[in-house]
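Below you'll find the structure, written out as structure tokens, and then a few comments.
The numbers here are math on the coordinates, done by the rules we state, and not lab data. Predicted, not measured: the structure shown is a model, and the values here were computed from it. Here the Cβ positions follow ideal geometry from the backbone for every residue, glycine too, while neighbour counts run over all protein chains shown.
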């Protein structure tokens, strides 16, 4: 289960359960609360663990496992996890659906990633800076996302596996005032699962 920056792994042997907090693929660690009628423990640091042996007995004291212990105990569960999504950001010329030269050079890597993963879940999200009206920017960000969708489809990605969204100026990487040109906000984000 992935969420709140953590992965928890649960192993059960009869009535004995172990919960281990491991970092997400980006290295972030959230927290896990292990609670039953007997009490609770909160895991907040990487590789912390507790055991629970019944509904009425409080979870054990928190211990920290080594990476080797986690691998040895949970190797099958860890191997079954899907790879984290691959994320790419492509930038565009001002007031245009034309990619920058640097971003054109990233396209082969995106196409290669789709092929290697045999991805059936690709999300393309278009964005703009805050120059122009909200309506115009919504349409421009949609055009940008559609351009990338066509490029990927022409390169072999199944259009049925692609979701295209438009955020306009509503989800900037860099917050700016209205009518401020910001090249890093003129982008399309491609997420490949």
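Rounded to the nearest 5, what % of the DSSP beta bridges within the chain are antiparallel ones? Mind dumping the intermediate values first?
Numbers: 33 of 38 bridges.
Roughly 85 percent of the DSSP beta bridges within the chain come out antiparallel.
Can you work out the FRET efficiency for the pair residue 76 and residue 116, with r the C-beta to C-beta distance and R0 = 35 Å, to the nearest 0.05?
Numbers: r = 24 Å, r/R0 = 0.67.
E between residue 76 and residue 116, to the nearest 0.05, is 0.90.
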Task: Reported label for calculated mean projected area of the Cα convex hull in nm² given [x] 11.0; [y] 14.3; [z] 13.3 - done: [y]
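What FRET efficiency comes out for the pair residue 105/residue 64, r = Cβ-Cβ distance, R0 = 41 Å, nearest 0.05?
Approximately 0.40, to the nearest 0.05.
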Task: Spin-label model distance (nm) - residue 176 vs residue 96, 7 Å beyond Cα toward Cβ - done: 1.6
TODO: Could you state the angle between the C-alpha long axis of helix 134-154 and the longest principal axis of the C-alpha atoms of the chain, as a value from 0 to 90 degrees rounded to the nearest 10?
DONE: 80
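Taking R0 as 45 Å, what FRET efficiency do you get between residue 28 and residue 57 from their Cβ-Cβ distance, rounded to the nearest 0.05? Intermediate values should be presented prior to the final figure.
Numbers: r = 31 Å, r/R0 = 0.70.
My answer for the efficiency is 0.90.
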- [ ] For helix 107-117, report the angle its Cα long axis makes with the longest principal axis of the Cα atoms of the chain; keep it between 0 and 90° and round to the nearest 10°.
- [x] 40
- [ ] Subtracting the Cα-Cα distance from 0.36 nm times the residue separation, let me have the gained length for residue 165 to residue 15 in nm, one decimal.
- [x] 49.4 nm
Task: 0 to 90° range, to nearest 10: angle between helix 67-79 axis and the chain longest Cα axis - done: 60
